[in-house]
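The structure under discussion appears below in the form of structure tokens.
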Amino acid sequence: MPEIRYLAAINRALGDALQDDPTVVVFGEDVSEAGGSFGASRGLRERFGADRVFDTPISEAAIAGAAVGAALSGLRPVVEIMFMDFTTLVMDAMVNQAAKARFMFGGQASVPMVLRTPHGGGLGAGPQHSQCLEAWFAHIPGLKVVCPSDPVSAYGLLRAAIADPDPVVVVENKALYAMKGEVPDQLEPMPIGHARILREGRDVTLVSYGAAVHTCRKAADRLAAEGVEPEVLDLLSLQPWDEAAVLASLSRTHRLVVVHEAVEAFGIGAEIAARMADIGFDELDAPIARVGAPFMPVPFSKALESAYIPSADAVAGAVRRILA
Amino acid sequence: MKTKPSPKPSTTPPAAAAPEAERANSPARLLELYGQIVLIRRAEERLIAMFADGEVPGFIHLSIGQEAVSAGVMSALTATDTIASTHRGHGHAIAKGLPLDGFFAELLARNAGLCRGRGGSMHVADMSVGMLGANGIVGAGLSIALGSALAHKRLGRTAVAVAFFGDGALAEGLLHECLNMAALWRLPLLFVCENNGWSEFLPSDKQIAFKLKDLAAAYGIPHTSVDGNDVAAVADAAAEVVAAVRAHGPAVLECLTTRVRGHFEGDAQKYRDPADMQALSERDPLRIAARELARLGIGEESLEAVRARVEERIAAAVTAARAGTDPDFMAAKADVYTPAEAL
């Protein structure tokens, strides 16, 4: 199988969507002439023209609001917000408009828009260019949220998001952009709402998403050397999330650790833990553990940042704690 | 089109706007516009009574005194043109052609409402007539209309989008973003400011340090000011401006108008000078239109016939709405996302 980078998979998904559907447009800051600040839309302007792949001013609120209006009027806009930290500026459009239009207009309309945005640290980008804010969006009824972890899912989830009739936030971990992965010759959309098992195991379930799934795999390899076999579940989709898949895995392993790069407090992990403590209570042989970032801004210094981002050691430590 | 030099409303229609027969002050057309104002006025007066009786839940913001803006602007639009409205949107909705039954049913929170009782006054919408929704967030309609205009242009339509906003929204940063993008991309977007002089409970001159005319000029967007209570003037200005937007790109139409019932229904308006309130009746768009119709030789019996038809329509719509049922909770809950069977 050929290998491509995560970023190239996104680029291919955008290109294929533009090719397949004349109502798809791509816009955002520096997505057209510059091909995206990380290069996700490189070459698309040349292929599809500046009418369909175009630059906007640095106006995040209007970018997202225009996507809502365009989606209500027949386009399928895919907008890029350069860093997830900047989505603070799109909240009215996403929370009050995109998320609610279908419901509050009595089902007359849907808002088929996609907002792509990179989260995550590891690049020394500091407190305003590294945050993982996906839980905010997952908390809003009417929005869908996905977070791919490799090139196959980066392609598949983005295609599914663009085809979806409802607004979808696609969260990409920028530390994964350069990651290479094997892909089939024919890449396919991946249905939203389905988790996948990345590693089978019998002793503990590690539930994660995005870049943190790789941390979980690393931790699983270390634990395997100690005779502990973790199962690693990649959520892929955060809203809706695959409750059935998590429960099924928990029913096999009877132990659960939820891992993400986002701040642990009030995060995605809290929701999963609370839900499994309820519907999975009879399956649990140990308390559910969470591993996430500490309750502090993402620091700039390499020394600080590497201590901040949840490590494989932290995941392995949590597993050992609940196995003890 | 040039930015008008005078900040005062120009009550005379712009020159060379439309052939004489289509001018707003032709008797037939003015009578039609009068009918629209009466319809909006009587619908809202009916809401006042029903609100007082506790039949209309939630908050309502009435456009009494501003109806000529809705009637006049919408007279220049076609069914495929789109509008994004505000929290004070009943007039926009009715003038854009929403079915009256569905409008009243929505205000009464019935299942037969246009939004199935999930939105209410601040979210009335009808996609089938290009009404993209009233809005509970000040200024939010600006970017929705911007996106709609973008879609019209990209999809090769001749349609225009209209963003309604009040002078209170002049203080929102989103207005700057949208004016800039509309100008950059020459979008078919008309910005209609309903300047009623009030930003919620404060006079706008205590909140806004600039004139919209000057702001528009900064973006190179033509600005027209009109007496928003003179429906013939609004209609003529809108006809000219909408044609220009369709052909060349964005424009601002500032309609100087009057807010009669306060920020929300039930607002005692103790912050207003009684003399100013007294003076409002002189600027009543209904009186101005009726006076002009009389001048054109239209008899009172014609006006009475218009009013009688409106009363019948409203009575029928209210009766139908009252007979409606409450929405079903599970059906509402199942409609947060597009149902799988619709995919």
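We did not get these values from a lab; they are worked out from the coordinates using the rules stated. Predicted, not measured: the structure shown is a model, and the values here were computed from it. In this analysis, Cβ positions are derived from the backbone assuming ideal geometry, glycine residues included, and neighbour counts consider all displayed protein chains.
Only one entry of B:ALA159, B:ALA169 meets the criterion of being within 16 Å of A:ALA61 (Cα to Cα), within 13 Å of chain A (Cβ to nearest Cβ) and in contact (Cβ under 8 Å) with a residue 40 or more places away in the chain, and that entry is B:ALA169. Total residues in segment A:54-84 satisfying the condition of being outside any loop (DSSP other than H, G, I, E, B) and β-branched (Val, Ile, Thr): the figure is 4.
Residues of segment A:104-145 that are more than 10 Å from every other protein chain (Cβ to nearest Cβ) and assigned to a helix (DSSP H, G or I): A:GLU134, A:ALA135, A:TRP136, A:PHE137, A:ALA138. Only one of the listed residues (B:VAL226, B:VAL252, B:VAL192) is in a strand (DSSP E or B) and in contact with a His (Cβ under 7 Å, 6 or more places away or on another chain). That residue is B:VAL252. Would you be able to say whether some residue in segment A:5-24 is touching a residue at least 60 places away in the same chain (Cβ under 8 Å), among the aromatic types (Phe, Trp, Tyr) and in contact with a Lys or Arg (Cβ under 9 Å, 6 or more places away or on another chain)? Scanning segment A:5-24 turns up at least one residue that is touching a residue at least 60 places away in the same chain (Cβ under 8 Å), among the aromatic types (Phe, Trp, Tyr) and in contact with a Lys or Arg (Cβ under 9 Å, 6 or more places away or on another chain). Please go through segment A:26-53 and pick out each residue that is outside any loop (DSSP other than H, G, I, E, B) and in contact with an Asp or Glu (Cβ under 8 Å, 6 or more places away or on another chain). Once the filter is applied, which keeps residues that are outside any loop (DSSP other than H, G, I, E, B) and in contact with an Asp or Glu (Cβ under 8 Å, 6 or more places away or on another chain), segment A:26-53 yields A:VAL26, A:PHE27, A:GLY28, A:ARG45. For segment A:51-63, taking the residues that are within 11 Å of chain B (Cβ to nearest Cβ) and in contact with a strand residue (DSSP E or B) (Cβ under 6 Å, 6 or more places away or on another chain), the one that is surrounded by the most Cβ atoms within 10 Å (Cβ to Cβ) is identified as A:ILE63.
Restricting segment A:22-50 to residues that are within 14 Å of chain B (Cβ to nearest Cβ) and of a type in the set (S, T, N, Q) leaves a set whose member that is farthest from A:VAL79 (Cα to Cα) is A:THR23. Assess whether A:ILE81 counts as being closer than 20 Å to A:GLN128 by Cβ and away from chain B (no Cβ under 11 Å). The answer is yes for A:ILE81. Would you say A:ALA66 is more than 9 Å from chain B (Cβ to nearest Cβ) and hydrophobic (A, V, I, L, M, F, W, C)? No: the conditions fail for A:ALA66.
Only strands (runs of 3 or more DSSP E) whose full extent lies in segment A:237-324 are considered here, and the ones with at least 3 residues that are buried (at least 17 other Cβ atoms within 10 Å of the Cβ) and in contact with a Phe, Trp or Tyr (Cβ under 9 Å, 6 or more places away or on another chain) are A:237-239, A:256-263. Of all residue pairs spaced 6 or more apart or on separate chains, those with beta-carbon atoms under 7 Å, a first member in segment B:300-321 that is small (Gly, Ala, Ser) and a second member that is not in a helix (DSSP H, G or I) are B:ALA321/B:LEU108; B:ALA321/B:ARG110.
Of all the residues in segment B:128-137, those that are crowded, with 21+ Cβ neighbours inside 10 Å, among the hydrophobic types (A, V, I, L, M, F, W, C) and more than 7 Å from every other protein chain (Cβ to nearest Cβ) number 2.
Total residues in segment A:207-236 satisfying the condition of being under 16 Å from A:ASP150 (Cβ atoms) and part of a strand (DSSP E or B): the figure is 4. The condition of being in a loop (DSSP other than H, G, I, E, B), surrounded by fewer than 24 Cβ atoms within 10 Å (Cβ to Cβ) and in contact with a strand residue (DSSP E or B) (Cβ under 9 Å, 6 or more places away or on another chain) holds for B:LEU98. The sole residue among B:ALA125, B:ALA182, B:ALA145, B:ALA112 that is in contact (Cβ under 8 Å) with a residue 40 or more places away in the chain, closer than 21 Å to B:PRO327 by Cα and either in contact with a Gly (Cβ under 8 Å, 6 or more places away or on another chain) or more than 11 Å from chain A (Cβ to nearest Cβ) (or both) is B:ALA112. Flag not set for B:THR82, criterion: polar (S, T, N, Q), under 21 Å from B:HIS61 (Cβ atoms) and either touching a strand residue (DSSP E or B) at 6+ places or on another chain (Cβ under 7 Å) or more than 12 Å from chain A (Cβ to nearest Cβ) (or both). Checking the structure you have, find out if any residue of segment A:164-178 is within 14 Å of another protein chain (Cβ to nearest Cβ), without any contact (Cβ under 8 Å) to a residue 60 or more places away in the chain, of a type in the set (Val, Ile, Thr) and outside any strand (DSSP E or B). Within segment A:164-178, none of the residues are within 14 Å of another protein chain (Cβ to nearest Cβ), without any contact (Cβ under 8 Å) to a residue 60 or more places away in the chain, of a type in the set (Val, Ile, Thr) and outside any strand (DSSP E or B). Of all residues in segment B:248-279, those satisfying the criterion of being surrounded by 16 or more Cβ atoms within 10 Å (Cβ to Cβ) and among the aliphatic types (A, V, I, L, M) are B:ALA251, B:VAL252, B:LEU253, B:LEU256, B:VAL260.
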